[in-house]
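A short worksheet on the structure shown next.
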Amino acid sequence: MRVVLLALRFMCMAGLWPVTQLNTSHFKRRHKESYLGDTVKQKHAGRVDPKMKKLDSTKSMLIKSEQLLRIEDHDFAMRPGFGGGALPVGIDVQVESIDSISEVNMDFTMTLYLRHYWQDIRLAFPSSSNKSRTFDARLVKKIWVPDVFFVHSKRSFIHDTTMENIMLRVYPDGHILYSVRITVTALCSMDFSSFPLDTQNCSLELESYAYNENDLMLYWKNGNDSLRTDEMMLSQFFIEDFQPSFGLAFYSSTGWYNRLYINFILRRHIFFFMLQTYFPTMLMVMLSWVSFWIDRRACITTVLTMSTIITGVSASMPQVSYVKAVDIYLWASFLFVFLSVIEYAAVNYFTTVEEMKKLKRAKVPASFNNAQAMAFDGCFHDNDIDLTSFPEATSTPNTERNTRARNSTVSSPTEGTKLRCKPPLKRHLSFIMSNSYMIDSYSRVIFPLTYLLFNIIYWSLYS
């Protein structure tokens, strides 16, 4: 009996032994964790390591955001509401600056903030405080966003300093704000008929690339207030107006697309061209009038200067096939300078012809020596030449008739004789040639008055 009791006691002790060891191990582990916790608190004076805390919070926030928006549960290659009606996408734009305007390339460069508004139910999430969540470009690549592009753009890029300038804001009901900062260079078809007194109408056009009007509907979110501009100053233009508008574009292969327009009107500053082109041209024309009193070489100088001005203006302009306003002014001024040169050449020619006639009628005084006589009539005189060795010219009926005519006295015409008069044009020409100084006298009045009349008409038409 005693042996049986010992056996039962031994079996009970063997059964309780694992439970005792398990409790002892659990107690030691809890004691060790308590000891390590106290050690960490003593080491950091009651503070948790910030680096460990930051890593933990970042990791948990990423997991929560991914799970909250259920990005992995949907196919974001498809637009929201696929198979239904067109998705409304609101647009508003804030123009930061117009960086440059090129007449030669016929384009402009603009920096702007482009904001998109739409709703994607797939990104809705529960929120008791109804607060939105804001993300950067890293999340944008994982969801669907509108594929808006700039029509007629030559170059464009999204700013990426210090990170890509992209913002995504998601609201609990699935409404989304997507904003990007872009610089774009786009075509502007300019009309230079009135250059430099011109006004240019340019526009920046936005359109969806893949989705036509049956899939995506672009519209200005706040009407005319959807386009906002900062105060901008340009070197050569006044910005008269910024105005948004809406239209449709048709492509034969894919159909109709919604298109939004940012229209702005530019009026050119005239003062720069007054200093660089118009005032120098006026001075050159006036300088050519001085040739009515001074040497004609001054006219040649003004012609060369006018040619230089015309060449300089043409080099800074696009090669258009029509006449510009500045071309009319420059070539008209060039014509005035050219006519001044022609006027002086005519006066000089008539004066020279008249002087030669006077020299032929005049006789060389007997007191002049050979040098004086040559200076007088331009002919060489040599009294030492013996003319007796030359045979005497035989007389002919014509020479005898001319001799008799010179020797005969002028008699009055008999009754019935027809008088021959010089033609009026030839008579007037002879009068002008004999009084060439009158050309200068008239030119000093006609040239300034004509140029003044031209300026009055020119500035009345183009300004």
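Observations on the structure shown:
- Once the chain from Phe272 to Tyr322 is taken as fully extended at 0.36 nm per residue, the excess over their C-alpha distance is 15.7 nm.
- Here is the P(r) of the stretch 191-318: all C-alpha pair distances, binned every 5 Å from 0, give 2, 8, 12, 13, 10, 10, 9, 8, 6, 6, 5, 4, 3, 2, 1, 0 in whole percents.
- Total formal charge among the other residues, if their Cβ is under 10 angstrom from that of Cys188, Lys/Arg +1 and Asp/Glu -1: -2
- Cα-projected label distance for Ile71 with Lys142, points at 7 Å along beta-carbon direction, nm: 0.2 nm
- Normalised by the number of residues in the stretch 95-229, the mean separation of alpha-carbon contacts (under 8 Å, six or more apart) gives a relative contact order of 31 percent.
- Solvent-accessible area per residue in the stretch 146-277 equals 52 Å², computed with a 1.4 angstrom probe and all protein chains kept.
- Compactness relative to 2.2 N^0.38 Å, alpha carbon Rg of the stretch 301-350: 1.40
- Computed E for Asn263/Ile446 - FRET, C-beta separation, R0 41 angstrom, nearest 0.05: 0.25
- Rounded D (µm²/s) - the stretch 103-219, Kirkwood Rh over Cα pairs, Stokes-Einstein at 20 °C, 1.002 mPa s: 128 µm²/s
- Each pair of Cα atoms in the stretch 211-282 enters the Kirkwood radius, and Stokes-Einstein at 10 °C and 1.306 mPa s then converts it into a translational diffusion coefficient of 101 µm²/s.
- Two-site FRET efficiency, Leu177 against Ser463, from Cβ-Cβ distance with R₀ of 51 Å, rounded to 0.05: 0.65
- Subtracting the Cα-Cα distance of Ser252 and His152 from 0.36 nm times their residue separation leaves 34.2 nm of extension gain.
- Altogether, the Stokes-Einstein calculation at 25 °C and 0.890 mPa s, with the Kirkwood radius of the stretch 89-128 over Cα pairs as Rh, returns a diffusion coefficient of 183 µm²/s.
- Net charge, Gly247 excluded, C-beta distance under 11 Å - Lys, Arg +1, Asp, Glu -1: -1
The values are calculated or read from the model by the stated rules, or taken from the named source; none is laboratory data. Bear in mind the structure is a predicted one, so any value in this text is a computation, not a measurement. For neighbour counting, all protein chains shown are included, and Cβ atoms are generated from backbone atoms with ideal geometry for every residue, glycine included. These accessible areas exclude ligands, DNA and RNA; they are computed on the full protein's heavy atoms, side chains included. Shrake-Rupley method; radii C 1.70, N 1.55, O 1.52, S 1.80 Å.
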